[in-house]
Amino acid sequence: MSRSARRITATVLASGALLAAAALPASADGRDHGHSRPAQRSAVVLGAIQYDSPGRDNGSNRSLNAEWVTVTNTSRHSVNLRGWTLTDESRRSYRFDLRLPGRSSVRVHTGVGRDTSRDVYQDRRDYVWDSRDTATLRDNRGRKIDSESWGRHGGGNNNGHHGGNSNGHQGGNSNGHQGNNHGGGPRGNR
């Protein structure tokens with residue numbers, strides 16, 4: 001190959017390399033370039049859910065409090081949940097006012113009770129979690145953090161319990177799949 005043909009070939013290859021580098025996405029070089037990074041997955045997640053209180057659904061406070069949703073902080077650091085909300089599909093909402101320590105959980109009960117570090121109460125007189133529903137956890141800015149649905153995704157008879165990581169509370173499983181834990185009540189599809 002002649003000297004001029006080699007120069008032309010080298011020029012074409014160099015130009016192609018420059019074009020390829022220019023076309024490379026800005027994020028591929030590992031620097032931020034002033035663009036915001038995607039939101040990180042939250043350390044706070046929904047765990048086990050007891051949406052149909054075991055036994056007879058008579059509307060008593062005891063029966064209402066047997067219906068609950070577990071919220072778990074999977075990180076080592078505490079998270080301020082003040083202003084966060086837990087909502088069902090009918091837009092019934094509970095607003096948190098607590099700090100959740102690292103690697104701990106809190107159960108949000110439907111009925112009336114005295115809040116502790118492990119159990120909080122919505123102070124409602126009616127059931128919240130239907131046999132086909134979705135629990136949605138949002139932060140204090142209204143951003144969706146986590147959600148769990150049940151009742152319309154098959155999975156057999158789960159008898160009022162949706163599994164999750166209950167972190168020491170009775171009745172949960174750690175695989176995130178629907179469990180078969182408690183006998184459901186006669187409420188059916190509320």
Over region 24-61, the set of residues open to solvent by 60 Å² or more (accessible area, probe 1.4 Å), among the hydroxyl-bearing types (S, T, Y) and at pLDDT 50 or above is none
Looking at (1) exposed (fewer than 10 other Cβ atoms within 10 Å of the Cβ); (2) at pLDDT 90 or above, which one does A5 not meet, given that it meets all the others?
(2)
Please determine, by comparing only the residues of region 77-106 that are open to solvent by less than 30 Å² (accessible area, probe 1.4 Å) and not in a strand (DSSP E or B), which one is farthest from D123 (Cα to Cα).
G102
Being under 24 Å from R99 (Cα atoms) and of a type in the set (G, A, S) is the filter; apply it to region 110-153 and report the residue that is most open to solvent (accessible area, probe 1.4 Å).
S117
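Report the residue count in region 86-120 for those that are touching a helix residue (DSSP H, G or I) at 6+ places or on another chain (Cβ under 7 Å) and under 16 Å from A48 (Cα atoms). Show your work before the answer.
Let us first name the residues in region 86-120 that are touching a helix residue (DSSP H, G or I) at 6+ places or on another chain (Cβ under 7 Å), namely 109-113.
Those still in the list that are under 16 Å from A48 (Cα atoms) too: 109-110.
Going through region 86-120 one residue at a time, the tally reaches 2.
The values are calculated or read from the model by the stated rules, or taken from the named source; none is laboratory data. These numbers were taken from a predicted model, which means no experiment stands behind them. Backbone-built Cβ (ideal geometry, glycine too); neighbour counts: all protein chains shown. Please note that ligands, DNA and RNA were not included when accessible areas were found on the heavy atoms of the full protein model with its side chains. Shrake-Rupley method; radii C 1.70, N 1.55, O 1.52, S 1.80 Å.
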